[in-house]
Amino acid sequence: MGVPTMQTDKLNPGLLRALLAVADHGSISAAAEAIHYSQPGLSRKLARLERAAGAQLLQRSRRGTTLTGDGERLAQVARTVIEDLSDLPATRHDRNGPLRLRVFATACVDLVPRAIATLAHEVQDLDVRLVAR
């Protein structure tokens, strides 16, 4: 049996990364923490991916989350796709212009500070200004 027929117009790399995070970390909560998502947000992404796949991709239990056979097959394809995308040359952009993020107020409590810390670690001379509107 091959990979389930996908609604590819509803597929994006973020959904594939969500599946791979669960495969690598063995639970939705551990995967969410690893990729800096809330657990409910990651669960919604995974549900979207299952709808797009037209198949159950995850088996949830008290001991964690494992991939079904369809999930395993899709994860193999997803790893190749994500690796191929990471091999593409980086697009140059104006690093001097502002980066504007629109977020829910509740994200500013936990998610935004973690994202900024990750960016600051990876990007030299990052100047961050939070502006409330």
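The values are calculated or read from the model by the stated rules, or taken from the named source; none is laboratory data. Keep in mind that what you see is a predicted model, and the values were worked out from it rather than measured. Just so you know, the surface numbers come from the protein's heavy atoms only, side chains and all, with ligands and any DNA or RNA stripped out. Shrake-Rupley method; radii C 1.70, N 1.55, O 1.52, S 1.80 Å.
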* **Extension gain (nm, one decimal) between Gln56 and Glu122, 0.36 nm per residue minus Cα-Cα** => 20.2 nm
* Report, by chain and number, residues whose modeled amide H sits under 5 Å from the one on Tyr37, excluding near sequence neighbours (fewer than 5 apart, same chain). => none
* To do: Please list the non-local residues whose amide H lies under 5 Å from the amide H of Thr65, H modeled 1.01 Å from N, same-chain partners needing a gap of 5 or more.
  => Ser27, Ile28
* Give the accessible area for Asp24 in Å² (nearest 10); use a 1.4 Å probe, count only protein heavy atoms, and leave out ligands, DNA and RNA. => 90 Å²
* To do: Give me the number: length gained by fully extending Val77 to Ser38, i.e. 0.36 nm times residue separation minus the C-alpha to C-alpha distance, one decimal in nm.
  => 11.5 nm
